[in-house]
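FYI, it's all coordinate maths here, none of it is from the lab. Keep in mind the model is a prediction, meaning the values are calculated, not measured. Please note: Cβ atoms are built from the backbone with ideal geometry, for glycine as well, and neighbour counts cover all protein chains shown.
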Amino acid sequence: MAKRGLKQKEESWDFRIADTKEYTHCFHTYPAMMIPQIARKLLNQYGVEGEWLLDPYCGTGTSLVEASLFGMHSVGCDINPLVRLIAKSKLTPIDLKTLDSELDKLNDVLFKVEFGVDKIPDLSTPEIPNLEYWFSAEIIKYLTYLLNCISKIENQEVKNFILVAFSETVREVSYTRTSAFKLHRMSAEKLENFNPDVFSVFRKKLHRNRQGIIAYLEKREDVETSICDTNTANGDLPMPRPIGGYRLVITSPPYGDSQTTVAYGQFSRLSAEWIGLPDARKIDKIAMGGQRTSQTLQNSPISNAINKISSIDPKRAQEVNAFYIDLKNSIDTVAKMLSRRSTVCYVVGNRRVKDVTLPTDEFVVHAFGKHGFSHKETIVRNIPNKRMPKKNSPTNIAGQTSTTMNEENIVICQRTTQTCP
């Protein structure tokens, strides 16, 4: 269990005025993204140039980008194909001349449509359920044409780069509420005046991302990077695996099961369906805690909290239990791949369910302790600029909300040759 004396609140980790969109970190919004300054500071303290970093829940690749700037090789895992696409695009040392050539050709095509030189041809729209519910007929026409233009690009690295901008455009020109992660249609009042310019939104994303990739390429070290779909909660091992094991883990696992906490799958669904990525509607179910289990946690730092939740809502307790079973299984898998002198840094939130605080930070310390890791420290930081829900409904009664997380914990554990089993 985490020792109280090793847990300290440090405002220097808040990074309230930091630019969190440097380099390719500017690519694409996504729920609960770890800010790059955290990964950067941890790399400066525990990173070793030329060694390997693992992020088993890499999301859009924040820690991987920072590792490549620092000089560490890296491997990232995520079950969501959209974020793997984004992370890969963030990390790929793309040829700028080839990129600019394709962007110029694409711009020429779009300008001809905008100025009436060419008309948008009749094209088959993607087979997406309830497409007209989320997009106007005009928006569907423009997105379909845009996607058709992108599909003709032969260079896969350039195509991925452009698809990332397209993905973010899809969400921005849809009827979804931008203030929510789950798919909710905007109000009727907002719909009346909602008429976004698809090409203009798309161009802004491309311009911003191009500036980001230029800055990234100027600083990126000559390192290896890899993104895979490995699910460590199922015991799967990512590749490549360095001889001797990974030296460092910097990661931010999900705060809880997607269906009741942060709906990662719902957030990415429309973009993934437009692009044609697999399992767009299954992400939240196959994510950690997405499936109930008959297993239970015994003598765990989380056990008392789950029992309290169970006395209020047994079904909700089962969902919470399933998440922590998956988190434990994932940690068991990760620990097998780490070197004898490795450091793990888990950025976690102690969320509240039914007004019960779940000590996830202590759970992480406990789980890694089973594999010979000692708790070095837990840094508590405020969350001033992380895009995530701050309130939930503990009673499921409309209007009744409770604070979930305003702080997060950076849990640091280390394995040495003395503690390695």
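Tabulated data for the structure shown
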quantity	calculated
Full-extension gain in nm, D197 to K370, via 0.36 nm per residue minus C-alpha separation	56.8 nm
Percent RCO, i.e. relative contact order, over the chain, from Cα pairs under 8 Å lying at least 6 residues apart	22
Degrees between helix 303-312 axis and first principal axis of the chain (Cα, 0 to 90, nearest 10)	70
Region 107-132 versus region 298-325: alpha-carbon centroid distance in Å	50
Cα gyration tensor, region 30-177 - rounded (a/c under 1.5), prolate or oblate	prolate
Residue of L54, L91, L297 that the Gaussian network model of the chain assigns the largest fluctuation, springs spanning Cα pairs under 10 Å	L297
Residues in region 120-158 reached by a label modelled at R281 [backbone nitrogen below 11 Å; 7 Å Cα→Cβ]	128-131
Members of K7/K88; K9/K219; K41/K90 lying beyond 25 Å, as alpha-carbon distances in this model show	K7/K88; K9/K219
Amide proton proximity set for T230, modelled H, under 5 Å, gap of 5+	D78
Euclidean distance of C-alpha centroids, region 204-279 and region 41-74, integer Å	12
222 nm mean residue ellipticity, helices alone, for the chain (DSSP H n ≥ 4; -39,500 (n - 2.57); rounded to 500)	-13000 deg cm²/dmol
Highest average packing first - 366-375, 13-22, 315-324, Cβ atoms within 10 Å	315-324, 366-375, 13-22
Whole-angstrom gap from region 332-386 to region 133-197, using each part's C-alpha centre	37
Length-normalised contact order of region 150-229 in % [C-alpha pairs under 8 Å, at least 6 apart]	26
Listed peptides 346-354, 115-123 by packing density, highest first (mean Cβ within 10 Å)	346-354, 115-123
Approximate shape of the chain as ellipsoid semi-axes (Cα gyration tensor, √5λ), whole Å, largest first	37, 27, 18
Cα-based Rg / Dmax (Å) for region 196-341	19.7, 56
Projected label distance in nm at L6 and D19, using a 7 Å step from Cα toward the beta-carbon	3.7
Mean Cβ count within 10 Å, highest first, over the residues of peptides 193-205, 275-287	275-287, 193-205
